[in-house]
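Written out below as structure tokens is the structure these notes cover.
The values are calculated or read from the model by the stated rules, or taken from the named source; none is laboratory data. Keep in mind that this is a model prediction, so the values were computed, not measured. Methodologically, a virtual Cβ is constructed for each residue, glycine included, from the backbone with ideal geometry; neighbour enumeration extends over all protein chains shown.
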Amino acid sequence: MTITVIVVDDQPMVRAGITMLLRADPEIEVLGEAANGKEGIRLARELTPDVVLMDVRMPGIDGIEATRTIVEASGALSDNLVKVLIMTTFDDEEIVVQALQAGASGYLLKHASPTEISDALRRVVAGDTWLDATAATRLVEQIRMRSADSTDVSALLTQREQEVFKMVAAGMSNHEIRDQLFLSEATVKTHVARILLKTGSRDRAAAVALAYRSGFVHPQDPTPQPDQTS
């Protein structure tokens, strides 16, 4: 399967270098390049790639706002979910947390090897979250602390993620959620991964506990049924 990618970075040399590395992989196709967030949003809308490789610090619309716009727009198109993979440096830790909350599927350090970049792309396309191992623990802990302080779980999630979260809390499997919302299982897996990340939950059980503890769902709420139109 060919993975389609857009590269968004305001530094021409960085863009060119990343594009060259990606094109060396026969299973990756670079559809285009953008020098800022506004161009990245436009290309993502026009070309609908599998993944957008997104820089954070850019003039005009930065990577965080561009990520939020791309994810929310594609999430409204049923099964046409565009993943965003942030490219950054370790010093961008606080901004990376904000980008993950905005809907990014993970992040790469800019000095990542070609193998790491290819692996990350394949993982996020499969619905997983990719976090650089050297900083993942600190990032996840920050998100957990921030999420624990928030009683409004819905403020952390997009509308689609809230819908999926309610089904997870009702005990539905990824397969059942897929059939209910007419999504691919990889897309459902992506939504669940983002829910766990944004709420700082270590697993589905912890997320369900948070859903009830915070009042996001209630024991008397009707259980969503698979194979029904939402």
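Data overview
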item: Any chance Ala104 is of a type outside the set (Val, Ile, Thr) and either farther than 20 Å from Met1 by Cα or at pLDDT below 85 (or both); result: yes
item: Condition check for Val7: in contact (Cβ under 8 Å) with a residue 40 or more places away in the chain and not assigned by TED's automatic domain parsing to the domain that holds Glu161; result: yes
item: Leading residue by the ranking (farthest from the chain's Cα centre (by Cα)) among those in the range 140-161 that are buried (at least 17 other Cβ atoms within 10 Å of the Cβ) and at pLDDT 65 or above; result: Val153
item: Residue, farthest from Val97 (Cα to Cα), within the range 65-77, restricted to residues that are surrounded by 24 or more Cβ atoms within 10 Å (Cβ to Cβ) and at pLDDT 90 or above; result: Ile70
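Conditions tested, residue by residue: (1) hydrophobic (A, V, I, L, M, F, W, C); (2) in a strand (DSSP E or B).
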residue: Met13; (1), (2): yes, no
residue: Asp25; (1), (2): no, no
residue: Glu29; (1), (2): no, yes
residue: Gly32; (1), (2): no, yes
residue: Glu39; (1), (2): no, no
residue: Arg42; (1), (2): no, no
residue: Arg45; (1), (2): no, no
residue: Val52; (1), (2): yes, yes
residue: Gly60; (1), (2): no, no
